[in-house]
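These notes concern the structure reproduced below.
What follows draws every value from the coordinates through simple rules; no lab data is involved. Since we're looking at a predicted model, the values are computed, not measured. Here the Cβ positions follow ideal geometry from the backbone for every residue, glycine too, while neighbour counts run over all protein chains shown.
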Amino acid sequence: MQSGRQLSTSIDATVPTAARMYDYYLGGKDNYAADRAAVEELDKVVPSTRALAQNNRRFLQRVVRTLVEDHGIRQFLDHGSGLPTQNNVHQVAQRVDPTTHVVYVDNDPMVLVHGRALLEQDERTAVIQADMRDTEEIFSHPEARRLIDFSQPVAVLFNSVMHCIPDSETDGPPVLSARVAERLVPGSFMVMCQLVSEDPEVRDFVTGFMDQATQGHWGRVRQEKDVASWFEGMDVLDPGVVEVSTWRPDSEVAPRQLTQEWIEFGGVGRIR
């Protein structure tokens, strides 16, 4: 079933995207002047964002390693995966077990081009272009069906992407997370985190700024209680739904989120 959402097949360098801004924060080279300018403006109000992005990436890597090593997960479906960088999901997972299958999903045509170039030699990994809200289209996509056996446990990732989704009765984050969870067998996992702030001025500024900068391709900064509600009905792995730099850090000297104007907040839930 097609969603009717129109996906761009061309790259507009004049309009920032969350994927390219994130790439710039991580020290990548797949971004344009518009993305860098947006980052500079954003940093004036939320200066901790670069460290936040880096800590979020480390969280993702720890989660993937934990799910493969401790829970036997060998299938990952990564929604809103963004541009390839170092230590991508398939690289982290396949270092533990080379047979692990990974499907990346993103609606950015630049992600599709770079992702396919990176993965063309890896038959256990694929990139598909789709809107992350189009659950039926994603789960029935030929590449997803080729690589993922949905009768077996799978880890579904929504890592730092739910803030890109507007509130909606049909496909806002609570509805989307519940819809995806219903498709997963017991023993599967859902990883979800997003940008949150308990400061209404920060929430309003960043939401308005990003919505304008990306020409409407944005949702909103939410509160911790919003994210926590998405895990209802799941068994949440310790230490719970938390600021992500505190999720099972590799050591006592691991980087932490130092300021709190906004944070990445989330966790890992097991499907019952």
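Compute the signed sum of charges (Lys and Arg +1, Asp and Glu -1) over the other residues within less than 11 Å, Cβ to Cβ, of residue 26. Taking every Cβ under 11 Å from that of residue 26, the sum is +3.
Positive contributions from Lys and Arg (+1) and negative ones from Asp and Glu (-1), summed over other residues with Cβ under 11 Å from the Cβ of residue 79, come out at -3. The convex hull of the Cα atoms of the chain, projected and averaged over all directions, covers 13.3 nm².
Rounded, prolate or oblate, given the Cα gyration tensor of segment 59-161, with a/c below 1.5 counting as rounded? The shape class here is rounded. Taking other Cβ atoms within 10 Å as a rough exposure proxy, 24, 32 sort from fewest to most as 32, 24.
Here the residues 125, 85, 66, 135, ranked from fewest to most Cβ neighbours within 10 Å of their Cβ, fall in the order 85, 66, 135, 125.
If you add up the charges near residue 200, with Lys and Arg at +1 and Asp and Glu at -1, over every other residue whose beta carbon is less than 15 angstrom from its beta carbon, what do you get? Computed value for this residue: -3.
For segment 76-119, taking Cα atoms only, Rg and Dmax work out to 10.3, 30 Å respectively. Estimated from helices alone, the mean residue ellipticity of the chain at 222 nm is -11000 deg cm²/dmol (sum of -39500 (n - 2.57) over DSSP H runs with n ≥ 4, per residue).
Going by neighbour counts of Cβ atoms within 10 Å, the residues 183, 57 line up, fewest first, as 183, 57.
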